[in-house]
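Working notes for the structure below.
The values are calculated or read from the model by the stated rules, or taken from the named source; none is laboratory data. What you are looking at is a predicted structure, and each value in this text was computed from that prediction instead of being measured. Cβ: placed from backbone, ideal geometry, glycine included. Neighbour counts: every protein chain shown. Remember, those area values only see protein heavy atoms, side chains included, never the ligands or the DNA or RNA. Shrake-Rupley method; radii C 1.70, N 1.55, O 1.52, S 1.80 Å.
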Amino acid sequence: MIKQDFVALAPYLAVAGGIVLLMLLVSFWRSVRVMLTMTVVVLLVSLGLVGVGIGNPPHLISGFLLIDGYAALFNALFIIAAIVTALLAYGYMRGRGGEQEEFYLLLVLATLGAMTMAAAHHFAAVLLGLEILSISLYVLIGYSEEGHPPLEAALKYLVLSGVASTTMLFGMALIYNATGTLVFSELGSTDFAVPRDELYYLAGQGLLFAGIAFKLSLVPFHMWTPDVYQGAPAPVTGFLATVSKGAVFAFVLRYALITDVLAIPVMSTVLLVFAVLSMLGGNLLALLQNNVKRLLAYSSIAHIGYLLIALLAVGVLADSLIAVEASIVYLVGYFLMTLAAFGVVTVLSSSSMEVDAESIDAYTGLFWRRPLCAVIMTTALLSLTGIPLTVGFVAKFYLIATGAEGGMWLLLWALVVGSAIAVYYYMRVIFVMVQKGGGDSYTHPSVKVEGMAVLVVIGLSLILFGVYPSPLIDFVRSSIGIAGG
Amino acid sequence: MQTAIAVPIEHVLVLAAALFLIGFTGVLVRRNVIFLLMSLEIMMNACGLAFVVAGARWIEPDGQIMYMFILSLAAAEVAVGLGLILQLERRYRHLDIDAASELTG
């Protein structure tokens, strides 16, 4: 380790050091307020360090982690999502008995795992990041001490995510057996000395991508998603839908970029089928839902399906940086709108309630009872639909442009059909919210100031980036190294 | 020193794949949560075995290092899993995973 390594690793060291600090803090002085403040401070320091380092040239740390603009952008996204989750969770868990300090500790730990995946350049780093993220998430999902749904969701996630992790691991072992290396750049280089053992190599890639498809909850590996999203506490669901998916996607995209695995026809065909199935299946199944959390779960399946267009474009386009740009812009939009939607569910719920405000009846007439919440929810849903002047439109526009450039018409048709179906169920929630009357039987918890403040900021940025996206796009372009933004 | 593999690599990989499938089948058919965790453990160890034999093929320590990673991760996963099992036992008074299936729709 040399000085430059430590400089490049500064955001990671800040988070890791912060975790130790939080752990000591929680054992000596229990105070939720102090814990929340320290969590936000640690995350903000790390975000600042990410911002300082974003212009630096790419730095490879002993083949293990590759710290560059790509990793920095994803890290910034993950840290911001973690801050939002922490603030939302504070109001959500208020009034709940028992210890809640460890929640923030686990949240920061999960963020560290996601950040590791964003910079992973070696299968061991992927394994470490993925498991730090997943194991923290098992506990976060089952954090509540009462009630059956969180426990059931945590157990389901533990078993199924464990199976997916081991599938990925077995794939990695087969790839290692076939090529003799675990480093991405060596897997990618054509002049790497060892001849590939094709059968093992393909089987390994297949298993690896099966595990990834599960983690990204692509149809037909999506069965766990609605159950876990429904059972998990609302703020954790938001985190699960954004950071956990984003981290896996960051790894897959980097892996595809460096190793050129999508040039193998079988792999790209299978991914194409998954993408089309996810776009159509996710949207069609969302039509049947009367539970807002499940509805958003299916919608997130469809959105990751859209995102696969950018991933598949890596194997098609001559300039793969365009695909990276589209992915990151899309993910920024997806993070914002998903956090906003789950944030509204969080603000309307409390962990002392039997279940979260997830039944669609809880939203009847929300405009007349909680106008601000309803406006933010409407903005988020319009953005998820992809209505112009929201960030969802910019994001989807980018995907369509990328897909058109790569001539991937089947995927674009699926996207258009899927989006058309999606209009129906997003609008249904909006219509329910403007209906008069109803909801009297439903009592929402008192207003949470910090949660609402966060939501207002996200809601405004949904509109701001939708109306005036060029600063965001320029920033993404300059960070990943596209000249002349 | 000569490479000390007397057993062909394919045989060990077949063994690892068999272990992996046994674990996977266990996850599918077993209903007791403790057995589910044990099946997961078998799958993890199958991965570890595959890594070790691949490392031996290339005469590198990487495979064994990965195995050590896998071991520690399996321990962490089981620790959390056992914690959840304690909660399951406390709330449902038994360990049948099928009973915990209220989330549908």
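Applying 1/(1 + (r/R0)^6) with R0 = 45 Å to the Cβ-Cβ distance of A:Val273 and A:Ser31 gives a FRET efficiency near 0.30. A Cα-only calculation for the stretch A:177-326 places Rg and Dmax at 16.7, 56 Å.
What angle do you read, to the nearest 10 degrees and between 0 and 90, between the alpha-carbon axis of helix A:32-53 and the longest principal axis of chain A? Value to nearest ten degrees: 40.
Each residue of the stretch A:417-432 is assigned a 3J(HN,Hα), and the resulting list reads 4, x, 5, 5, 5, 4, 3, 4, 7, 5, 5, 4, 4, 5, 4, 4 Hz, derived from the Karplus form 6.51 cos²θ - 1.76 cosθ + 1.60 (θ = phi - 60°), x at Gly and Pro.
Summed over qualifying helices (DSSP H, 4 residues or more, each -39500 (n - 2.57)) and divided by its residue number, chain A shows a 222 nm mean residue ellipticity of -25000 deg cm²/dmol. Once you list every other residue whose beta carbon is under 12 Å from the beta carbon of A:Arg94, what net charge do they have if Lys and Arg are +1 and Asp and Glu are -1? Net of charged neighbours comes to +2. Modelled spin-label separation between B:Met68 and B:Arg90, with each label point placed 7 Å from Cα along the Cα-to-Cβ direction: 3.6 nm.
Each residue of the stretch A:386-391 was assigned a 3J(HN,Hα) from its phi angle through the Karplus curve 6.51 cos²θ - 1.76 cosθ + 1.60 (θ = phi - 60°); the sequence is x, 6, x, 6, 10, 5 Hz, with glycine and proline shown as x. The phi torsions of the stretch A:395-411, fed into the Karplus equation with coefficients 6.51, -1.76 and 1.60 and a -60° offset, translate into couplings of 4, 5, 4, 4, 5, 5, 4, 5, x, 5, 5, x, x, 9, 6, 4, 5 Hz, rounded to whole numbers, with Gly and Pro shown as x.
Only lysine pairs 8 or more places apart or on separate chains count here, and in the protein assembly as shown those with Cα atoms under 18 Å apart total 6. What a 1.4 Å probe finds exposed on the stretch A:252-302 is 76% carbon and sulfur by accessible area, rounded to a whole percent.
Rg then Dmax, both in Å and based on the Cα atoms of chain B: 17.6, 62. What residues from the stretch A:363-383 fall in the zone where the backbone N is under 15 Å from a label point 7 Å along the Cα-to-C-beta line of A:Val423? Answer for the stretch A:363-383: A:382-383. Other residues with beta-carbon under 12 Å from the beta-carbon of A:Gln435 carry, at +1 per Lys or Arg and -1 per Asp or Glu, a net charge of +2.
Amide H contacts under 5 Å for A:His122: A:Phe184, restricted to partners 5 or more places along the chain or on a different chain, H placed in the peptide plane at 1.01 Å from N. Taking a point 7 Å out from the Cα of A:Asp319 in the direction of its Cβ, the residues of the stretch A:451-485 whose backbone N falls within less than 17 Å of it are A:473-485. The orientation-averaged shadow of the Cα convex hull for the stretch A:51-149, equal to a quarter of the hull surface, comes to 7.2 nm².
Viscosity 0.692 mPa s, temperature 37 °C: Stokes-Einstein D of chain A from its Kirkwood Cα radius, in µm² per second?
146
What's the magnitude of the charge dipole for chain A around its Cα centre, counting Lys and Arg as +1 and Asp and Glu as -1 at the beta-carbon? Answer in Debye, nearest 20.
Using only the charged Cβ atoms, the result is roughly 860 debye.
Solvent-accessible area per residue in chain A equals 33 Å², computed with a 1.4 angstrom probe and all protein chains kept. Dividing the helix sum by the residues of chain B, where each DSSP H run of 4 or more adds -39500 (n - 2.57), gives a mean residue ellipticity at 222 nm of -26500 deg cm²/dmol.
Near A:Thr237, once Lys and Arg are set to +1 and Asp and Glu to -1 for all other residues with Cβ below 11 Å from its Cβ, the sum equals 0.
Peptide B:77-89 has a mean of 5 when you count, residue by residue, the C-beta atoms of other protein chains within 10 Å of its C-beta. With loop membership from DSSP and a limit of 13 other Cβ atoms within 10 Å, the longest segment of chain A without trypsin sites (Lys or Arg not before Pro) is A:31-435.
Short version: which residues of the stretch A:162-184 lose at least 30 Å² of accessible area, all chains versus chain alone, 1.4 Å probe? Output list: A:Val163, A:Thr166, A:Leu169, A:Phe170, A:Ala173, A:Tyr176, A:Asn177, A:Gly180, A:Leu182.
Just tell me how shielded A:152-161 is by partners: mean number of partner chain Cβ atoms within 10 Å of each residue's Cβ, no decimals. Across the residues of A:152-161, the mean count of other-chain Cβ atoms within 10 Å is 6. For the stretch B:12-90, the per residue solvent-accessible surface stands at 47 Å², with DNA, RNA and ligands left out and a 1.4 Å probe. Taking amide H as placed 1.01 Å from N in the peptide plane, A:His59 has its amide H under 5 Å from the amide H of A:Ile67, A:Asp68, each at least 5 places away in sequence or on another chain. Buried area at the A:B interface is about 3900 square angstrom, summed over both chains, from accessible surfaces computed with a 1.4 angstrom probe. Loop-located trypsin sites (Lys or Arg not before Pro) across the stretch B:36-105 with a Cβ neighbour count of 10 or fewer within 10 Å are B:Arg93, with loop assigned by DSSP. Taking amide H positions as modeled 1.01 Å from N, with prolines and chain starts lacking one, no residue 5 or more places away or on another chain lies under 5 Å from A:Ile482.
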